[in-house]
Amino acid sequence: MIRKRPSAPPRVKASSAARDLRHRERMAAKTIISRPIYGALSPQPGKHHLFIADAEGALAIVDMAKMAPPGFFGGAEIVFIPGREGKHVAALEALKPAQFHQAPSFSSLLPRLKQTLGNAHMGLRLYLAGTEGLIGQAMQVALEAGIDHTSMQTEHRGSLARRMQCVHCKGITENVTTQPATCSHCGLLLLVRDHYSRRLAAFQGVCINAEDRSEIPPMEEAFP
């Protein structure tokens, strides 16, 4: 008597959008990744020290202060974006910098930052700490003002949320935490790549379901 093998359960076919997402992720992993590399803040010799930080970036400044020589913050200016929770303001004020300013957002401090960097003299040291969006945008402004990159230090602290540029409509979406993500300008569903543009201070987002817009892969929290 010949016994028949039990038939294998039917395979569940992944949607083309899901397959496309996995394919794009594999391809992105094989390409040169242009993500910025961050270090840790350390006190540098200089006549003027400018600190720009948001949220948990304040803790990077506080930690660096433990290594700073006496009187270091007497020649320092701290510009801080506290964020929604408004934490760490007292800790920064306790460092007794020569100047301390708070701003509700990066766009609101931009005029002051441009003026400060435009009037900067030799010996300025720039310290950037906090989210990637803050670091990238501040570095972009500094480079445009002629500040040499060797005069800057960066330290990432806090959220991994990304600043994303849609390659299709060129719009910028702030604080992206999911993969894929929706463009806040044109509404396309985008794969957030590791390709980072220092000129734009943003990661690249490309349409993930261009062949069939009705196929929508599930969003996952990728950059908390």
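Just so it is clear, none of the values below were taken in a lab; they were calculated from the coordinates. Predicted, not measured: the structure shown is a model, and the values here were computed from it. Glycine also receives a Cβ, built like all others from the backbone with ideal geometry; neighbour counts cover every protein chain displayed.
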Practice prompt. Report the label-to-label distance for residue 47 and residue 200 in nanometres (one decimal), using points 7 Å from each Cα along the Cα→Cβ vector.
Written response: 3.8
Item to complete: Using a cut-off of 14 Å between beta-carbons, work out the net charge of the residues near residue 177 (Lys and Arg +1, Asp and Glu -1, residue 177 not included).
Response: -2
Response to the item:
Per the rule of 0.36 nm per residue minus the C-alpha distance, extending residue 143 to residue 84 adds in nm 18.4 nm
Worksheet item: Which whole number of Å³ per residue matches the convex hull of the alpha-carbon atoms in the stretch 88-224?
Response: 125
Worksheet item: What FRET efficiency, computed as 1/(1 + (r/R0)^6) with R0 = 35 Å and r the Cβ-Cβ distance, is obtained for residue 112 and residue 169, rounded to the nearest 0.05?
Response: 0.70
Worksheet entry | Cβ-Cβ FRET estimate between residue 63 and residue 213, R0 fixed at 45 Å, reported to 0.05 | 0.45
Item to complete: Figure the gain on full extension for residue 121 and residue 40 (residue separation times 0.36 nm, minus the Cα-Cα span) and round it to one decimal in nm.
Response: 26.7 nm
